[in-house]
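Asker: Here's a structure for you.
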Amino acid sequence: MTDTPLDPRLDDLSTATLSDALDRLGLPGSLHGLAPLGPGQHLIGRAFTVRYQPAGNPPGTVGDYLDDVPPGSVVVLDNQGRTDCTVWGDILTAVAHAKGVAGTVIDGVCRDVHRALGLGYPIYSRGRFMRTGKDRVEVAEVGGPVAVGGVQISPGDLLVGDQDGIVAIPSTSLASVVTLAIEIADREEKILASALAGSTIAEARAAHGYHELQRRGAE
C-alpha cells in the first residue's frame, strides 16, 4: 500500500464529480448498490482488501486482519454481495474506530449498526442483517484484488464516499481523475452561475460544454 499523501483537493470533490471524471476517462469506479449506513457520512482513504468465500469443512476464520490495517485506510470486504450473513459487527467497528481506520466498505451487509452510528464510523454496504458469517464464510485472501459493486479494487486504490455512495479510483489514475474532476466541478459552477444570472439552462449548458463533461474522450 502506498504511503503517498493524498491530494488535499479531494476533500472538496463529491462522488458525483469523481464519477463523472471516471466516466470521461473510461474507467469503472462507481460501486453500484452500496449506500452509506447513516446520514452525513464521508469517507476517504486507501483500500485494505479482504476477500471472502463460502466456508469449507471444517470452516475457516472470518479473519483477524484488523490488527494489520494502517490508520487512515479503508477496509474493503468482498463478501460476494451476500446479504444472508455479515462479516462486520460491533467489535470490529469499535476497534477500527479506535485505531483511526477511515471506514469500511462491504460488498455484503453489516450488523450492530448502533455502534457505528454512535461512533460516527463510516460504513458503506448493501444493507444490514444480524446473522453472523461465522461458519458460513471464511477469509480467502487478504491484500489481493477484490470485486465490490461490479468494480475491481486493488490494495492502495482510493475510496471516496459521501451521501451519494462511494467510488473507487485506481491508484495509477488518481492524479488524472482529480485534475479532470476539478475541471468538471469548475465548469458546472459556471453553468449554475450563468443560469442564476438569467441565462436559460440550455444557453448556460451550451456556453460551458455541459454535454461534453462526462463524455469519454471529450476535449
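The values are calculated or read from the model by the stated rules, or taken from the named source; none is laboratory data. Keep in mind that this is a model prediction, so the values were computed, not measured. Here the Cβ positions follow ideal geometry from the backbone for every residue, glycine too, while neighbour counts run over all protein chains shown. Calculation scope for accessible area: heavy atoms of the full protein, side chains included, ligands and nucleic acids excluded. Shrake-Rupley method; radii C 1.70, N 1.55, O 1.52, S 1.80 Å.
Asker: Quick one: Pro36 ticks every box in (1) free of Cβ contacts under 8 Å to residues at least 40 places away in the same chain; (2) over 19 Å from Ser154 (Cβ atoms) except a single one, so which number is it?
Answerer: Result: Pro36 passes all but (1).
Asker: Could you tell me whether Arg111 is open to solvent by 10 Å² or more (accessible area, probe 1.4 Å) and within 27 Å of Ser19 (Cβ to Cβ)?
Answerer: Criteria not met by Arg111.
Asker: Shifting gears a bit: Hey, could you check region 1-56 for residues that are of a type in the set (Ser, Thr, Tyr) and more than 15 Å from the chain's Cα centre (by Cα) and say which is surrounded by the fewest Cβ atoms within 10 Å (Cβ to Cβ)?
Answerer: Thr4
Asker: Is there any pair with a first residue in region 58-77 that is over 13 Å from Trp88 (Cα atoms) and open to solvent by less than 40 Å² (accessible area, probe 1.4 Å) and a second that is assigned to a helix (DSSP H, G or I) and of a type outside the set (Gly, Ala, Ser) whose Cβ atoms are under 7 Å apart and which are 6 or more apart or on different chains, and what are they?
Answerer: From residues that are over 13 Å from Trp88 (Cα atoms) and open to solvent by less than 40 Å² (accessible area, probe 1.4 Å), the pairs are Val69/Lys99.
Asker: At negative phi and over 16 Å from the mean Cα position of the chain (by Cα), is that true of Asp64?
Answerer: Yes, satisfied.
Asker: Within region 152-170, is even one residue over 23 Å from the mean Cα position of the chain (by Cα), part of a strand (DSSP E or B) and under 30 Å from Gly56 (Cα atoms)?
Answerer: no
Asker: Let me ask something else about it. Could you tell me which of the residues Ala197, Ala175, Ala181 is surrounded by fewer than 16 Cβ atoms within 10 Å (Cβ to Cβ) and closer than 25 Å to Arg9 by Cβ?
Answerer: Ala175
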